Amino acid sequence: MSQYPIAVIVGSLRRDSFNRRLADAIVKLAPAEFSFSQVQIGDLPLYNQDDDATPPPSVKRLKAEITAAKGLLFVTAEYNRSIPGVLKNAIDHASRPYGQSAWAGKPAGVLGVSVGAIGSALAQQHLRNILAYLDVPTLGQPEAFIQAKEGLFDEAGNIGAESRKFLQGWMDRYVNWVKTHVA
């Protein structure tokens, strides 16, 4: 059993999402004491406060997976200069009802990939604002605004040689961040 189970939240539902590919690849750079599990968010109903007293099974599952994790890894796309609606919906579900947030206190890392030159920078900033309100200590540096271009991934789906040094450095900082906040 892993000493550090991490919940991975991918802010994209697209089957061939660059962010899902990044999430799958970057976790291979972590040490063996870390395990990563992608949390399903595409099956959640739209958040409605009227449902707080009797959440559906998908919401209960989401909150249980977040609660069981020692840390969080958000890998998000950028839609219209912000986070995708599906990600905001998941954040809202797991933070409610008020005072019963599953997110609070969980150390997090945020990164994302986009075909654009700014590589999801604005989505990441908006996500950081939300996470700050939810009392999620979030790794500030290094920031990882990754552009999807040739060589980001190798043929096996791993991080490509040109990006490996930077992303290994990011993962090393994330690992230390989690260990510091879990201790």
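Since every read-out is calculated from the coordinates, none of them should be taken as a lab result. A quick note: this is a predicted structure, and the numbers were derived from the prediction, not measured. Reconstructed Cβ throughout: ideal geometry from the backbone, glycine too, with neighbour counts over all protein chains shown.
Considering only P84, P56, P142, give the residue with the highest GNM mean-square fluctuation for the chain, with springs between Cα atoms whenever their separation is below 10 Å. Taking springs between Cα atoms under 10 Å, the residue moving most is P56. Partner lysines whose Cα lies under 16 Å from the Cα of K70, excluding those fewer than 8 positions away in the same chain, are identified as K106, K179. Dividing the helix sum by the residues of the chain, where each DSSP H run of 4 or more adds -39500 (n - 2.57), gives a mean residue ellipticity at 222 nm of -11500 deg cm²/dmol. If R0 equals 25 Å, the separation of the Cβ atoms of K149 and S35 corresponds to a calculated FRET efficiency of about 0.25. Cross-link check: pairs K60/K149; K28/K60; K60/K165; K28/K149 evaluated at a Cα-Cα cut-off of 31 Å; pairs beyond the cut-off: K60/K149; K60/K165.
Taking the Cα centre of region 38-183 as origin and charging only Cβ (+1 Lys, Arg; -1 Asp, Glu), how large is the dipole, in debye to the nearest 20?
Details: 14 positive and 14 negative charges, 75 e Å.
That gives region 38-183 a dipole magnitude of about 360 debye.
Residues within the reach of a label modelled at Q100 (point 7 angstrom out along Cα to beta-carbon, backbone nitrogen below 13 Å), restricted to region 53-75, are 53-57, 59-61, 63-64.
Taking the fewest neighbouring Cβ atoms within 10 Å as the starting point, the ordered list for Y79, Y174, Y133 is Y133, Y79, Y174. For region 81-91, backbone phi angles converted through the Karplus equation (6.51, -1.76, 1.60; θ = phi - 60°) give residue-by-residue couplings of 6, 8, 7, x, x, 5, 6, 4, 4, 5, 4 Hz, Gly and Pro being listed as x.
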